[in-house]
Every structure is written in structure tokens, then in C-alpha cells.
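K.L.:
My questions will all concern the structure given below.
The values are calculated or read from the model by the stated rules, or taken from the named source; none is laboratory data. Only a predicted model underlies this, so the values are computations on that prediction, with no experimental measurement involved. Don't worry about glycine lacking a Cβ; one is built from the backbone with ideal geometry, like all the others, and counts go over all protein chains shown. Heavy atoms of the whole protein, side chains included, go into the accessibility calculation; ligands, DNA and RNA do not. Shrake-Rupley method; radii C 1.70, N 1.55, O 1.52, S 1.80 Å.
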Amino acid sequence: MDGSAGVERLIQEPEMQTSMAMNLLMVRRWDAAKEALRGAAREVCYPCGIDRAYPLVTPIPGAEVQKHHDLNPRVMLTGVACLSIDGGKNPITVTSFGWSDPRGGMPDSYDDFVDFSHPKRIDHGAFSLTYPATWFLRREEVEKSGLRTVTYATQLGGNTCATTLSVTLSHGAAAQVAAERDGIVSKLEALAEEGEVRRRTADVPVLSGDAAWFAFDFIDPAIDGSSANGVFRAETGDRVAHISLFGCIAKANPRRDQTLAEMRAVFREIVESFQFT
């Protein structure tokens, strides 16, 4: 490769991506990694509730810097909670992991986790929203009832603790948008009448204008759940947005109470943070 190539071009080269992947995936095969896991762990503060890691430091041939791998067996596939240069530069941290018990059925372990930390405001072009930095929204555009609809969505967690977030924006004539908005609100109002659903009046979003909010608790013999929704109409009348959050956790999960409290607080903050741009 030409040595004068710019940084942006270098980042796009397959060789660069392969090298980064190898730095993560090959660690599991190193004898040095096994030795590191037998050593002493250090306290860390990484996403997904990872608070301990086993350091593995290796030199980079021909360079005066070192690679620092923070290992943690809870991280699926790679076992690497964080990879950095010289213990802090250019860090790559784990963003999510799930339940890995191969037996199937109802699990008797609770190692799946939803990260509710590190809130960050993200501008998606038509709107901005604050949510945990490890959540990534996928975009899908469709045509529905004469409205151009774009949905941004993510699913997180595993079998005993999970969360979903979706943001649906519909664009069209003011009358169509008003009808869409009223239809969403009517469906949410009807949901509050179902047997396993309880509308919550405490710790709920506070919105202005004609924005509507709905917060629910879900009651099930084995699972507890929480939901928050916000319906927003742009001042120009040509756009309506519906934010929908749902999370659930097994009653037997030892982190149940803490997770439900975090879930409700973060859901409220996410709905309140929505802004058209």
C-alpha cells in the first residue's frame, strides 16, 4: 500500500479490519491468556456490568508500545472485555453479551445483562435521542398508509433479562400525520385495559405540548416487565414519532430489583430526551 494513503482510506482497507479482528479473536488460543486468567484480577468499570478483569500485556513487534487485553470469561466469543494500547489509548470495549448455556430450556444461571450506563445523545438526522452508548439502532424504511415511515430499533440482552427500543417516524400530510398520531395513542390507551398490564403513574416521563406518554408494568408469574412510550408530533405537523421501550427480567434473577429500578429510570430519561431536528 502506498505510504501516502490517508487515514480514512487505511481504515477501510480489509487488512486493517483483519488485524483488528485477529487482535480480539486469537487471544483465546494463547497460552499466555490462560496464565493471565490464573492470576490476579483488577477492578475495572466497563459496560455490561464488568467490574473485574485479568490483564494480559504483550509487546507489538517493531513498536515501542504494548497491547493491553483485559480478559473476562463472561464475554462471549472473544473473552476480551477491553483491548487498548499502553493501557488506555484507542480502547475497544465489549458492547453486549448474552446467555451462553447450551442446554436450552429455562436457565438456572443469570449471566445475561442489559447495559443501562453511559448515556449519550445521538443525532440520527431527523431526530436526536439520549440512550446508553452501547446500544446501536438499526434503520429500516417502509411505505405505510401513504406515509413514509422509518424505524430505528435494537434488541438487547438474553433469556432472563432483555430490552427493546424502537423509534418510528412517519412523514406525510398534516391530516394523515394527525390520524396516525391519534391511532397510536388509542392503541396505547387500550393496552392499559389488558389483564397483565398496569399503567404506572409514578416515575413516568414528563413531556410538553401535545406529546403523550404511557408507562406500564407487566405482571407475570415468572417475569417482571416495564414499558415506556412517547408520542410526539412536530410543530410543522408533517411528522409524528413513536418511541417504544420494553424490558423484562426473570423474577428469579438475583439482579431483579436493581435492574427494574435502572430500567424504569433509563426508559423515562430516553423518552424525555427525544427532540425533532
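K.L.:
Name the residue from Gly237, Ala215, Asn253 whose Cα lies farthest towards the positive end of the charge dipole of the range 215-277, charges +1 on Cβ of Lys and Arg and -1 on Cβ of Asp and Glu.
P.N.:
It is Asn253, whose Cα lies furthest towards the positive end.
K.L.:
Once amide H atoms are built 1.01 Å from N in the peptide plane, which residues 5 or more positions from Met76, or in another chain, come under 5 Å H to H?
P.N.:
Gly98
K.L.:
Right, something else. At 1.4 Å probe size, put Cys45, Cys82 in order of accessible surface, largest to smallest. Kindly include the intermediate steps, with their values, before the conclusion.
P.N.:
Values: Cys45 110, Cys82 10 Å².
Most to least solvent-accessible, the answer reads Cys45, Cys82.
K.L.:
If one takes the longest principal axis of the Cα atoms in the chain, at what angle in degrees, from 0 to 90 and to the nearest 10, does the Cα axis of helix 256-273 lie?
P.N.:
Around 70 degrees separate the two axes.
K.L.:
Still on this structure, I have one more. Order Arg42, Arg28, Arg255 by their accessible area, 1.4 angstrom probe, all chains in place, largest first. Kindly include the intermediate steps, with their values, before the conclusion.
P.N.:
On the way: Arg42 105, Arg28 145, Arg255 60 Å².
I get Arg28, Arg42, Arg255, largest accessible area first.
K.L.:
Turning to a different aspect of this structure: Amide H of Ile223 versus every other amide H placed in the peptide plane: which residues, excluding those fewer than 5 positions away on the same chain, fall under 5 Å?
P.N.:
Lys251
K.L.:
Which ³J(HN,Hα) values in Hz, rounded to whole numbers, follow from the phi angles of the range 151-158 under the Karplus curve 6.51 cos²θ - 1.76 cosθ + 1.60, where θ = phi - 60° and Gly and Pro get x?
P.N.:
10, 10, 8, 8, 10, 9, x, x
K.L.:
What is the local net charge at Phe232, summed over the other residues whose Cβ is closer than 14 Å to its Cβ (Lys, Arg +1; Asp, Glu -1)? Can you show the working numbers first?
P.N.:
On the way: positive: Arg181, Arg233, Arg239; negative: Glu180, Asp182, Asp210, Glu235, Asp238, Glu272.
Net local charge, Phe232 excluded: -3.
K.L.:
How would Phe276, Phe136 rank on accessible area, largest to smallest, probe 1.4 Å? Each step should come with its number before you reach the end.
P.N.:
Numbers: Phe276 55, Phe136 125 Å².
Sorted by accessible area, descending: Phe136, Phe276.
K.L.:
Can you give me the solvent accessible area of Val240 with a 1.4 Å probe, rounded to the nearest 10 Å²?
P.N.:
Solvent-accessible area, nearest 10 Å²: 0 Å².
K.L.:
Here's another thing I want to ask about it. Quick one: putting +1 on the C-beta of Lys and Arg, -1 on the C-beta of Asp and Glu, what dipole do you get for the chain around its Cα centre, in Debye to the nearest 20?
P.N.:
Values: 29 positive and 37 negative charges, 72 e Å.
Dipole size: approximately 340 debye.
K.L.:
Excluding Phe267 itself, what net charge comes from residues whose Cβ is under 13 Å from its Cβ, given Lys and Arg +1 and Asp and Glu -1? List each step's numbers first, then the result.
P.N.:
Details: positive: Arg200, Arg264, Arg268; negative: Asp203, Asp217, Glu262, Glu269, Glu272.
Overall, the nearby charge balance is -2.
K.L.:
Separate question: Can you give the local net charge around Trp213? Use residues other than it whose beta-carbon is closer than 11 angstrom to its beta-carbon, Lys and Arg +1, Asp and Glu -1.
P.N.:
Numbers: positive: Arg199, Arg200, Arg268; negative: Glu272.
That works out to +2.
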